[in-house]
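Enquirer: Got a structure here, written out as structure tokens. Questions coming.
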Amino acid sequence: MPSVVIVGAQWGDEGKGKVVDLYSEWADAVVRYQGGNNAGHTLVVNGEKTVLHLIPSGVLHPGKLCVIGNGVVVDPKVLLVELDELKKRGRDLFKDRALSISDQCHVILPFHQEMDKAKESLQGAGKIGTTGRGIGPTYIDKIGREGLRMAEFVRPKEFREFLEKKCDYRNQILTKVLGRPAIDAKKIFEEYSTYAERLQPFVTNTPVLLDKSRRSNKRILFEGAQGTLLDVDHGTYPFVTSSSTVAGGACTGSGLGPTSIDHVIGISKAYTTRVGEGPFPTELSDDVGKHLSKEGNEFGATTGRPRRCGWLDAVVLRHAVRVNGLTGLAVTKLDVLAGLKEVKIAVAYETPEGKAEDVPSVLSNWQGAKPVYETFEGWSETPRKARQFSELPGAVRRFIDRIEELTGVPVVLLSVGPGREETIVRENPFA
Ligand code: GDP
Ligand code: IMO
Ligand code: MG
């Protein structure tokens, strides 16, 4: 049975949540495999909006198994708020037991958020513009072999011992280096052990669970967070997040091997956005940029910050095809371009070290990259009502055809509005 990975092909917020929600109808299990509550994935079903930060975007389909894989860093407090919110709205995951959290997930604690914010404020203009959710410091602890995993977190004795052993060193850094108040291990234990108790029933050996699913021919959908250009290896380093956002992360972050993956679909907006600092060659500060921001309602789903906007970038998409092994692209927000006289796609860069058709390797070339554009006629009518490719305006179809030529992969899905139904499925990877 096919299993499908969904990844962001740009700098995040491409519409992964919408596509995962749509594909979940055909899947049996939906797995988040990296990142944490830096993600904000939006679903619009029957006009009702849901924003998810940790719970997989298959959750609105009853009967689907939702898994938080070992590669995810979990803020227990945020996860419980999300679970309680869904319960209030009639989706009770406590009762349905429709969520499994890997016992190997690393746990975000209050000092991780403290360190994230303190580091950012100390760096001033050189800051990354993180979400302040403690993501980087938690992954640093994981890789530095200093972290707390779910397995220990839900065992009070182990959790208490962890805090007793590890808080001293962290307090030295917080107070002496970062100029922040010390943390109180006892207080953290009191508050967080209540969260641990509530989450304990969900905590599972998820590689075993997923392997069983795979062997019984279940269809698995992997939900990436962030995007390819935010990947710690393949992104615009150091302006990236701290995890492997590319498709390979689905393996390390779930415990299923690469032979378990059949399709990788990259999600791309019909233009580009980015939140936070870092290079963005096609960024626009003119009226077109304002059009994209306003018509696309481009504000972060997690922090509410305005997203920077610019033209579609085929150099970025070709990179995403390569490092994820994309078998298809989904292009979202085509409706947002309606009303522009012309639309552009960057096909190469002029960099301080010459013309480049592939992404630069050094930050200064990223920062100095001037896009080389191809220009296309725009479309005035909104494509929101289209449900077949043939119903789209000719200019949209030519734009999509050119994206396929420039990237060498088929556009298998088009999104023409935020609603689940505002979608054109050209090829179903689960078929
Ligand atoms: P994600 O992080 O990749 O899941 O994306 P976000 O949810 O952060 O941001 C995407 C935003 O675009 C959300 O507000 C979606 O509801 C919205 N959206 C998704 N597809 C479309 C589309 O085709 N048209 C419009 N207008 N909005 C869309
Ligand atoms: P979804 O899954 C867009 C960005 C932050 C910052 C950088 C590092 O909704 O697409 P972090 O807090 O991860 O250390 O911040 O990464 N960032 C995102 N941008 N969408 C996201 O997630 C993001 N998650 C992190 O803005 O620039
Ligand atoms: Mg988002």
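Enquirer: Quick one: in the range 300-353, which of the residues that are crowded, with 23+ Cβ neighbours inside 10 Å, within 16 Å of ligand 3 (Cβ to nearest atom) and not in a strand (DSSP E or B) is farthest from the chain's Cα centre (by Cα)?
Expert: Checked the range 300-353; the qualifying residue farthest from the chain's Cα centre (by Cα) is V336.
Enquirer: For the range 199-251, name all the residues that are under 16 Å from G35 (Cα atoms), among the hydroxyl-bearing types (S, T, Y) and outside any helix (DSSP H, G or I).
Expert: T241, S242, S243, S244, T245
Enquirer: Among the residues of the range 284-297 satisfying the criterion of being out of contact with any Phe, Trp or Tyr (no Cβ under 6 Å at 6 or more places or on another chain) and in contact (Cβ under 8 Å) with a residue 40 or more places away in the chain, which is least open to solvent (accessible area, probe 1.4 Å)? So that I can check it myself, show each step before the final result.
Expert: Taking the range 284-297 as the starting set, the residues that turn out to be out of contact with any Phe, Trp or Tyr (no Cβ under 6 Å at 6 or more places or on another chain) are 284-291, 293-297.
Now narrow it down to the ones that are in contact (Cβ under 8 Å) with a residue 40 or more places away in the chain: 288, 291, 295-296.
Working: V288: 35, H291: 39, E295: 98, G296: 7 Å².
Checked the range 284-297; the qualifying residue least open to solvent (accessible area, probe 1.4 Å) is G296.
Enquirer: Next question. Which of the residues spanning the range 299-315 are within 19 Å of G40 (Cα to Cα) and away from ligand 2 (no atom under 11 Å from the Cβ)? Before you say what the answer is, go through the steps one by one.
Expert: Residues of the range 299-315 that are within 19 Å of G40 (Cα to Cα), as a first pass: 299-309.
F299, G304, P306, C309, listed by residue number.
Enquirer: Continuing with the same structure: More than 16 Å from ligand 1 (Cβ to nearest atom), charged (D, E, K, R) and over 22 Å from V5 (Cβ atoms), is that true of D286? Spell out how you get there, then give the answer.
Expert: Working: more than 16 Å from ligand 1 (Cβ to nearest atom): yes; charged (D, E, K, R): yes; over 22 Å from V5 (Cβ atoms): yes.
When the stated conditions are applied, D286 passes them.
Enquirer: Is it the case, given these coordinates, that K142 is open to solvent by 10 Å² or more (accessible area, probe 1.4 Å), free of Cβ contacts under 8 Å to residues at least 12 places away in the same chain, under 24 Å from G257 (Cβ atoms) and not acidic (D, E)?
Expert: On the way: open to solvent by 10 Å² or more (accessible area, probe 1.4 Å): yes; free of Cβ contacts under 8 Å to residues at least 12 places away in the same chain: no; under 24 Å from G257 (Cβ atoms): yes; not acidic (D, E): yes.
When the stated conditions are applied, K142 does not pass them.
Enquirer: Whether any residue in the range 158-181 is away from ligand 1 (no atom under 16 Å from the Cβ), out of contact with any Lys or Arg (no Cβ under 9 Å at 6 or more places or on another chain) and farther than 19 Å from F111 by Cα is what I want to check.
Expert: no
Enquirer: Quick one: would you say G266 is open to solvent by less than 30 Å² (accessible area, probe 1.4 Å), within 16 Å of ligand 2 (Cβ to nearest atom), at pLDDT below 95 and within 16 Å of the chain's Cα centre (by Cα)? Full working, then the answer.
Expert: Details: open to solvent by less than 30 Å² (accessible area, probe 1.4 Å): yes; within 16 Å of ligand 2 (Cβ to nearest atom): yes; at pLDDT below 95: no; within 16 Å of the chain's Cα centre (by Cα): yes.
So G266 fails the test.
Enquirer: Taking the range 20-56 only, how many residues are β-branched (V, I, T), more than 8 Å from ligand 1 (Cβ to nearest atom) and under 17 Å from S415 (Cα atoms)? Show your work before the answer.
Expert: Step one: list which residues in the range 20-56 are β-branched (V, I, T), which gives 20, 30-31, 42, 44-45, 50-51, 55.
Adding the requirement that they be more than 8 Å from ligand 1 (Cβ to nearest atom) leaves 30-31, 45, 50, 55.
Then keep just the ones that are under 17 Å from S415 (Cα atoms); that gives 45.
The qualifying residues number 1.
Enquirer: Could you list, in sequence order, all residues of the range 1-32 that are more than 14 Å from ligand 2 (Cβ to nearest atom) and open to solvent by 10 Å² or more (accessible area, probe 1.4 Å)?
Expert: Listed by number, the residues that qualify are M1, P2, L22, E25, W26, D28.
Enquirer: Out of (1) within 26 Å of V51 (Cα to Cα); (2) in contact with a helix residue (DSSP H, G or I) (Cβ under 7 Å, 6 or more places away or on another chain), what's the single condition that is false for A301?
Expert: (2) is the only condition that A301 fails.
Enquirer: Hey, which of the strands (runs of 3 or more DSSP E) in the range 19-88, taking only ones fully inside, have at least 1 residues that are at pLDDT 95 or above, among the hydroxyl-bearing types (S, T, Y) and within 16 Å of ligand 3 (Cβ to nearest atom)?
Expert: On the way: elements: 29-32, 41-45, 48-52, 65-68.
Here the list reads 41-45, 48-52.
Enquirer: Taking L221, is it within 16 Å of ligand 1 (Cβ to nearest atom) and open to solvent by less than 40 Å² (accessible area, probe 1.4 Å)? Give the steps one after another, and end with the answer.
Expert: Numbers: within 16 Å of ligand 1 (Cβ to nearest atom): yes; open to solvent by less than 40 Å² (accessible area, probe 1.4 Å): yes.
Here the answer is yes, as L221 does meet what is asked.
Enquirer: Quick one: count up the residues across the range 52-74 that are open to solvent by 20 Å² or more (accessible area, probe 1.4 Å) and more than 14 Å from E223 (Cβ to Cβ).
Expert: Total satisfying the criteria: 3.
Enquirer: Tell me yes or no: at least one residue of the range 274-282 is among the polar types (S, T, N, Q), away from ligand 1 (no atom under 16 Å from the Cβ) and either at pLDDT below 95 or in contact with an Asp or Glu (Cβ under 8 Å, 6 or more places away or on another chain) (or both). Show your work before the answer.
Expert: Let us first name the residues in the range 274-282 that are among the polar types (S, T, N, Q), namely 282.
Add one more test, that the residue is away from ligand 1 (no atom under 16 Å from the Cβ), and what stays is 282.
Subsequent filtering for residues that are either at pLDDT below 95 or in contact with an Asp or Glu (Cβ under 8 Å, 6 or more places away or on another chain) (or both) retains 282.
Looking for residues that are among the polar types (S, T, N, Q), away from ligand 1 (no atom under 16 Å from the Cβ) and either at pLDDT below 95 or in contact with an Asp or Glu (Cβ under 8 Å, 6 or more places away or on another chain) (or both), one finds at least one in the range 274-282, hence yes.
Enquirer: To continue, here is another question. At pLDDT 95 or above, polar (S, T, N, Q) and open to solvent by 10 Å² or more (accessible area, probe 1.4 Å): is that true of Q104 in this structure?
Expert: Working: at pLDDT 95 or above: yes; polar (S, T, N, Q): yes; open to solvent by 10 Å² or more (accessible area, probe 1.4 Å): yes.
Against the criterion (at pLDDT 95 or above, polar (S, T, N, Q) and open to solvent by 10 Å² or more (accessible area, probe 1.4 Å)), Q104 qualifies.
Enquirer: Also, I was wondering about something else. From the list V67, V78, pick out the single residue that is within 18 Å of the chain's Cα centre (by Cα) and either within 16 Å of ligand 2 (Cβ to nearest atom) or of a type in the set (G, A, S) (or both).
Expert: Working: V67 fails: either within 16 Å of ligand 2 (Cβ to nearest atom) or of a type in the set (G, A, S) (or both).
Going through V67, V78 in turn, the sole match is V78.
The values are calculated or read from the model by the stated rules, or taken from the named source; none is laboratory data. A quick note: this is a predicted structure, and the numbers were derived from the prediction, not measured. Positions of Cβ are generated from backbone atoms using ideal geometry, with glycine treated the same way; all protein chains shown enter the neighbour counts. Just the protein is used for accessible areas: all its heavy atoms, side chains included, with ligands, DNA and RNA removed. Shrake-Rupley method; radii C 1.70, N 1.55, O 1.52, S 1.80 Å.
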